[in-house]
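> Just dropping this structure here.
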Amino acid sequence: MPTSFMRIPYRDLLPPPAIIPPSATTLSGAITALQEFFYSPPPPGLPPSTVVLTGAGLSVASGLADYRGVRGTYRVNKTHRPIYHHEFISSHETRKRYWARSFLGWTTMSMANPNSGHYAIRDLGRLGIVQNVITQNVDSFHPRAHPDIPTLELHGYLRSAVCISCRNEYPRDVFQTELARLNPVWKEFLKEAISSGALETEDPNEKRSRGIKMNADGDVEVPGAPYTTFRYPACPTCLTSPPPLADGTKGVVEVDKDGALDSRSNAGILKPAVVLFGDSISAEVKHAADRAIDSAGRLLVLGTSLATYSAWRLAKRAKERGMPVAVVNMGGVRGEEAFFAGLDPKQAGSQGVRTEISTESLLPALVHEMRKSEARSHHDPPHGVSFERANPAEVLKDFLS
Ligand SMILES: [Zn+2]
């Protein structure tokens with residue numbers, strides 16, 4: 001029986017997709033198919049609104065790496081190995097390594113911005129099409145780009161560090177300043193790495209040529225400051241008042257004279273507010289994701305191969321509810337044949353769409369066309385467009401009433 005634990009997803013490339021309808025291979029064909037998808041009457045008993053499910057592919061145009069794309073982490077950096085939840089919780093050494101890596105990576109992350117794909121989702125909300133977004137991304141681009149459309153962040157967010165004892169959250173920017181204060185050699189190194197551009201690439205060879213040495217695990221080696229010397233702070237709340245542990249004893253929160261957490265500590269440990277591999281998604285988030293799917297009549301999947309179970313099961317749930325599914329993703333999607341099973345081969349998008357055009361070129365162009373159609377519909381006779389788009393059963397009811 002599958003669980004909702006975050007596992008290392010498949011690293012293999014998935015087979016290329018069958019484009020649906022076949023005309024969706026071109027930009028204009030894909031736009032027409034998606035308009036058909038949005039404007040066709042929903043299946044009986046389902047609402048006309050669309051829920052969006054996104055992944056790393058949507059953020060590629062913001063300069064962030066995805067996993068399986070052309071420049072994706074799994075293709076470029078073969079030695080990449082993420083840190084597991086249980087290692088993070090139980091090992092001071094693992095936390096040093098995580099925060100050291102994160103210290104170097106945060107600058108790139110914090111300077112990146114939402115892209116045209118995110119803003120197109122905002123516009124689809126304004127057009128009354130999209131009412132909920134579920135994302136696997138931890139970059140906070142959705143809430144930044146469209147604060148008016150609710151976003152469920154399935155795997156958490158990097159903008160905060162959270163205490164594993166008291167659950168208080170602290171802004172990542174403030175935490176970064178603390179890391180810099182506690183690790184002056186790393187702070188200097190980071191300054192140099194930013195000016196050499198070495199942090200802007202995931203390619204180990206390119207990094208090396210710009211003066212950054214990587215070890216066999218794909219970690220950066222800072223000359224004169226190995227990982228073992230990296231220091232990170234304690235949760236300020238738990239430091240003031242150590243929390244009780246699960247067994248009823250008082251937790252130990254010890255720091256050195258500068259405020260860096262001591263290895264004897266077993267509480268007040270700060271963790272990124274994301275779901276690490278091997279951890280599970282909270283029941284609350286899981287149920288909210290189910291509700292978002294269940295309250296919509298269509299699912300639009302953007303920039304994800306659905307390789308993680310937590311995301312894939314939502315698409316499966318949508319299909320089982322009879323919701324038409326549209327997928328915009330470069331490369332194959334896990335088990336995608338199932339999402340398009342039983343479609344009428346002649347359908348033009350109303351039952352499902354599969355296209356491989358990049359989100360940052362397709363979505364803004366789609367919004368542009370939809371605005372033109374909206375503007376045209378205001379000049380049409382009042383019933384012209386709505387009759388075309390109405391559910392035949394609804395029209396019949398109108399005639400009978
Ligand atoms: Zn705490």
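Read-outs: derived from the displayed coordinates by stated rules, not from any lab. What you see is a predicted model; the values in this text were computed from it and never measured. Cβ: placed from backbone, ideal geometry, glycine included. Neighbour counts: every protein chain shown.
> Hey, can you grab everything whose amide H is under 5 Å from the amide H of R354? Only 5+ residues off in sequence or another chain; H modelled, so Pro and N-termini drop out.
Long-range HN contacts for R354: I20, V327.
> Whose amide H sits under 5 Å from the amide H of L14, counting only residues 5 or more places off or on another chain, with H placed in the peptide plane?
G332
> From the backbone phi of segment 116-130, what are the Karplus-calculated ³J(HN,Hα) couplings (6.51 cos²θ - 1.76 cosθ + 1.60, θ = phi - 60°) in whole Hz, Gly and Pro given as x?
Using θ = phi - 60°, the values come out as 4, x, 5, 5, 5, 5, 4, 5, 5, x, 5, 7, x, 8, 9 Hz.
> While we're here: Order these by the 10 Å Cβ neighbour count, fewest first: W99, W186.
The fewest-first ordering by Cβ neighbours comes to W186, W99.
> Shifting gears a bit: Would you list, by chain and number, the lysines whose Cα falls below 20 Å from the Cα of K213, excluding same-chain residues fewer than 8 positions away?
Those lysines meeting the cut-off are K78, K96, K187, K191.
> Mind listing the long-range amide H neighbours of L152? Cut-off is under 5 Å, sequence gap 5 or more, other chains count too, H placed in the peptide plane at 1.01 Å from N.
V133, I134, T135
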